[in-house]
Amino acid sequence: MLGELVAGAAGGLVLIQDTVDCEGRSLLKTFVAASVRRGESVHVFGFEIPEEEFRAGFDPDVAAQLLYQDGFTDPLCWNGKTGGFRVEEFSVLGVVTRLQRGPVGSATIILDSLSWLLLRRPVPALCQTLAQIPRAAANAGLRVTRIVVLLHGDLHPLGLVDTLHSLARAVVWVGPAPEGMRSKEDAHQLASMLQRKGSGKVVKKEEYFSILTGFTLKAFGEPTRNTPPDEDADSHSAVDTAAYLTFNLQLSDTERQARDRVPLPFHFSAQKKSSLLEASAGTGKIYYEPDATDDLDEEDPDDDLDV
Amino acid sequence: MAALATGGATSSDGATSFQRKVPANSRLATIAGTRPSVRHGQLLLSSGLPSLDCVLGGGLAVGTLLLIGEDKYNIYSSLLFKYFLAEGIVCGHNLFVASAKEDPADILKELPAPILDDVHKKQLDEEESAVISKQESRESMKIAWRYQNLPKMEVSPAVSARFGHYYDLSKTLSPELLQSRKWHRFFLPEELSLQSEIKTCNMTCGYTRLLQSIQRIICQEGFDGSYPQKKQKNILRIGIQSLGSVLWGDDICCTDNPEYIHSLTTFLYVLRGLLRMSLSACIITVPSHLIQNKAIMERVTNLSDTVVGLESFIGSERETNPLYKDYHGLIHVHQIPQLNSLICDVSGTKDLAFRLKRKLFSIERLHLPPDLSDTVSRSSKQDLAESTKLLSSGCGAMATGKKHLDF
């Protein structure tokens with residue numbers, strides 16, 4: 001799944017969260033390299049490390065195509081020189097202006113890092129800016145396919161991190177692989193991923209990976225789960241209740257057919273049934289056949305008058 | 001009884017042939033899609049989900065606010081939001097949709113289509129004729145042969161009910177139906193770009209704009225009774241998505257000590273005043289799992305009328321728990337309003353779970369089996385906390401962690 005994410009499966013906001021134990025900038029650069037190789041224009045807004053350090057390690061053709069906005073050298077514009085990216089310039093208008101300097105077409109925005117901006121700008125305005133950049137760029141004629149940002153999870157309170165996760169389409173937590181894995185298979189890092197698909201489905205996965213030179217990704221498989229077997233399941237297995245009886249509860253085939261052939265108490269023959277069913281709409285009729293001893297007298301039906 | 005049933009099925013709308021004799025001049029003007037409540041006499045609206053209407057005591061009263069606490073990935077709460085709006089479209093009410101994340105036109109395009117009775121009835125008729133033609137090959141009933149000639153009545157979820165409809169999530173509402181209804185929109189990025197930022201009376205700019213917009217619509221369209229000569233009254237259904245999230249400009253989700261801690265509560269206070277004086281009802285979804293300060297959520301609950309919290313099992317450890325394998329999540333009813341009465345009808349059961357199928361979102365009572373494992377007499381402290389969380393799934397479980405008071 002990590003390979004698909006790097007290859008561009010997720011649009012919108014993609015968040016890479018790293019910790020003190022394991023840095024995520026190399027995974028961010030992997031996203032950059034894959035994006036450049038796909039032919040998209042990549043705008044990098046760098047704040048934490050100088051430009052040369054960011055460009056180091058890329059292939060020369062990849063590095064040449066990066067459109068770098070330098071927010072590291074002089075973010076508050078103290079030197080008075082123009083050309084760098086000032087921190088106030090990170091608004092919808094400022095970002096779209098910078099994007100328009102690049103070629104038209106699909107663009108990917110890389111932020112290195114979002115933590116730096118979160119510590120210097122008001123948080124709600126920054127989140128609103130991130131959400132509105134694709135829409136404003138579309139109005140200006142560009143198409144921003146994804147925004148990949150790096151977040152240092154240790155620097156922010158938990159609520160802020162959860163809020164950012166709710167805004168993002170895909171989140172990748174980067175951590176060190178456990179000790180055993182590292183020696184065996186040369187997998188250096190463990191990535192836990194969460195992706196919200198368009199239909200509302202949420203996919204969660206974990207994978208080992210390592211980054212090769214030139215910032216290509218090598219993904220290993222998922223970690224195997226070592227859960228203890230569930231003891232409760234064995235005791236509640238289906239008990240065959242008919243196995244230990246002294247009388248026979250089962251039916252053979254001939255017995256079953258014989259049972260079907262037994263006439264049921266209210267099962268009339270077909271003609272009588274149909275005649276009863278059809279005559280149900282009429283009035284009720286009483287059929288009476290007088291016996292031999294019956295003496296019907298219309299004037300004295302109860303036979304008690306002394307006549 | 002059987003004859004009555006057959007007589008009833010052949011009439012046009014499934015009603016019985018009994019007609020209530022009402023003198024002509026005392027006929028009350030009824031608004032489509034509403035019915036009076038039998039408990040407290042208020043006019044009730046359907047929330048879009050018949051099972052939620054049962055839980056809330058018949059429906060949502062006109063002039064009240066339904067607050068939904070979102071689940072972690074906002075899947076089921078957005079579904080409830082869409083059901084509410086779709087019910088408004090089907091009943092012919094006016095809509096007001098406000099959002100800071102998605103364009104309201106996009107939200108309305110994704111509303112589910114209702115399962116209508118006449119469509120289903122046509123299917124029934126086709127089925128019946130197919131059945132009668134194949135009567136010889138059909139197996140006759142052996143014991144209950146008296147009922148053989150009666151037509152087959154399908155017990156299906158699409159029972160004729162003008163109050164509360166069922167929706168099919170795989171289909172969307174037809175655009176013609178959408179265009180025939182009147183709806184209003186509020187999309188925060190558009191509104192903010194139009195005018196400059198203003199902050200009034202403790203509320204963030206987005207909330208102020210939203211309240212002004214709602215008030216303007218209520219006055220202009222006459223929902224507050226300002227046009228008495230208008231014969232046909234209608235209801236305004238207001239839907240606000242993800243209020244309190246960071247995209248509305250509010251920081252209660254980000255920090256423990258937000259700058260405008262009373263912003264959301266002031267908004268709800270003013271909104272409820274607007275709702276009470278007009279023929280409208282409102283649904284708001286709030287990301288309650290992100291709000292850091294628990295006191296804010298308590299105040300928000302107090303200031304709303306009906307509060308329902310959703311908890312989905314996706315991604316949590318409960319997903320693999322065999323007790324919950326049939327269900328997709330839990331519903332917690334935190335508050336039901338007391339309108340014109342001293343008590344509210346709180347149902348006895350507090351364990352409600354929901355399950356989503358394509359045509360039905362059902363809310364059922366959760367039956368927990370008795371704990372027959374060996375360790376039931378010697379449960380450790382951890383298990384005790386877990387079991388109390390399971391059995392009393394009220395809002396106390398949200399606030400506390402697994403720690404457990406020890407004397």
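Laboratory data are not the source of any read-out in this text; all were calculated from the coordinates shown. Fair warning: this is a prediction, and the values are worked out from it, not measured in the lab. A quick note on method: Cβ atoms are made from the backbone with ideal geometry, for glycine too, and the neighbour counts reach across all protein chains shown.
Taking each of B:LYS101/B:LYS325; A:LYS205/B:LYS82; A:LYS201/B:LYS325 in turn, the alpha-carbon distance tops 27 angstrom for B:LYS101/B:LYS325; A:LYS205/B:LYS82. The mean number of partner chain beta-carbon atoms within 10 angstrom of a residue's beta-carbon across peptide A:67-73 is 0. Note on A:154-163: average number of Cβ atoms from other chains within 10 Å of each residue's Cβ is 5. For A:ALA7 and B:TYR227, a Förster radius of 60 Å and the Cβ-Cβ distance give a FRET efficiency of 0.55, rounded to the nearest 0.05.
Given R0 = 22 Å, the distance between the Cβ atoms of B:ARG365 and B:ASP168 translates into a calculated FRET efficiency of 0.30. Which of the three applies to region A:9-79, rounded, prolate or oblate, going by the alpha-carbon gyration tensor with a ≥ b ≥ c and a/c under 1.5 meaning rounded? Oblate is the answer for region A:9-79, as a/c is 1.5 or above yet b/c matches or exceeds a/b. At each listed q (0.10, 0.21 Å⁻¹), what is the log10 of I(q)/I(0) that the Debye formula gives for region A:59-179 modelled as equal alpha-carbon point scatterers? For region A:59-179 at q = 0.10, 0.21 Å⁻¹, log10 I(q)/I(0) is -0.36, -1.39. For B:GLU298 and B:LEU339, a Förster radius of 22 Å and the Cβ-Cβ distance give a FRET efficiency of 0.55, rounded to the nearest 0.05.
Compared with the direct C-alpha span, the chain from B:ALA105 to B:THR30 gains 24.0 nm at full extension, assuming 0.36 nm per residue.
The mean number of partner chain beta-carbon atoms within 10 angstrom of a residue's beta-carbon across peptide B:257-264 is 1. Placing pseudo-labels 7 Å out from each Cα toward the beta carbon at B:CYS54 and A:ASP21 gives an inter-label distance of 4.8 nm.
Computed from label points 7 Å out along Cα-Cβ, the spacing between A:LEU93 and A:LYS201 is 4.4 nm.
Which of rounded, prolate or oblate describes region A:1-144 when judged by the alpha-carbon gyration tensor and an a/c cut-off of 1.5? Cα axes put region A:1-144 in the rounded bin.
Think of region B:170-306 as a dipole: +1 on every Lys or Arg Cβ, -1 on every Asp or Glu Cβ, centred on the Cα centre; then among B:THR204, B:HIS184, B:VAL286, B:HIS184 lies furthest on the positive end. Counting Lys and Arg as +1 and Asp and Glu as -1, what is the net charge of the other residues whose Cβ lies under 12 Å from the Cβ of A:ALA140? Net charge in that neighbourhood comes out at +4.
Once the Cα-Cα distance is subtracted from the 0.36 nm per residue extended length, the A:SER275 to A:ARG121 segment shows a gain of 46.5 nm.
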